[in-house]
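Data block below; observations after.
The values are calculated or read from the model by the stated rules, or taken from the named source; none is laboratory data. This one's a predicted model, so the numbers in the text were calculated from it and none came from an experiment. Methodologically, a virtual Cβ is constructed for each residue, glycine included, from the backbone with ideal geometry; neighbour enumeration extends over all protein chains shown. SASA here: full protein model, heavy atoms, side chains in, ligands and nucleic acids out. Shrake-Rupley method; radii C 1.70, N 1.55, O 1.52, S 1.80 Å.
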Amino acid sequence: VVVVLNLAPVERTGYRVGFPVPGRWIEALNTDSSFYSGANRGNTGAIETEDVPLGSQAQSALLTLPPLSAIYFVEEHHHD
């Protein structure tokens, strides 16, 4: 699980965050979802990492962080 918090009252777009493994990550929780009476700002349900190191992580992705939000990403697992 990768948890990203935006505690600022402004949206952040193009915000690069490190991820521990490459691949597709599902946006499992977004507190800006209309389900929680939010405005549905976010990452359209999933992101793909890029081979761009950031900090101690070998992968990263550009995210949209809604204001005053928490977003949880979980690694997508394929079932054969």
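Using a probe of 1.4 angstrom, how much of the accessible area of the chain is carbon and sulfur, in percent?
Roughly 54 percent of what the probe reaches on the chain is carbon or sulfur.
For region 18-33, what does the Karplus curve 6.51 cos²θ - 1.76 cosθ + 1.60, with θ = phi - 60°, yield as ³J(HN,Hα) per residue in whole Hz, taken in order and with x for Gly and Pro?
x, 10, x, 9, x, x, 9, 10, 8, 7, 6, 9, 9, 5, 8, 4
At 1.4 Å probe radius, can you tell me the per residue accessible area of the chain in Å²?
62
Within the set of other residues whose C-beta is less than 10 Å from the C-beta of Ser60, count the net charge using Lys and Arg as +1 and Asp and Glu as -1. It would help to have the intermediate numbers written out before the result.
Details: positive: Arg16; negative: Glu50, Asp51.
With Lys, Arg at +1 and Asp, Glu at -1, the neighbours total -1.
Thr44 accessible area, nearest 10 Å², 1.4 Å probe?
Approximately 140 Å² for this residue.
Taking K and R as +1 and D and E as -1, what net charge do the other residues with C-beta under 14 Å from the C-beta of Ile26 add up to?
Residues near Ile26 contribute -3 overall.
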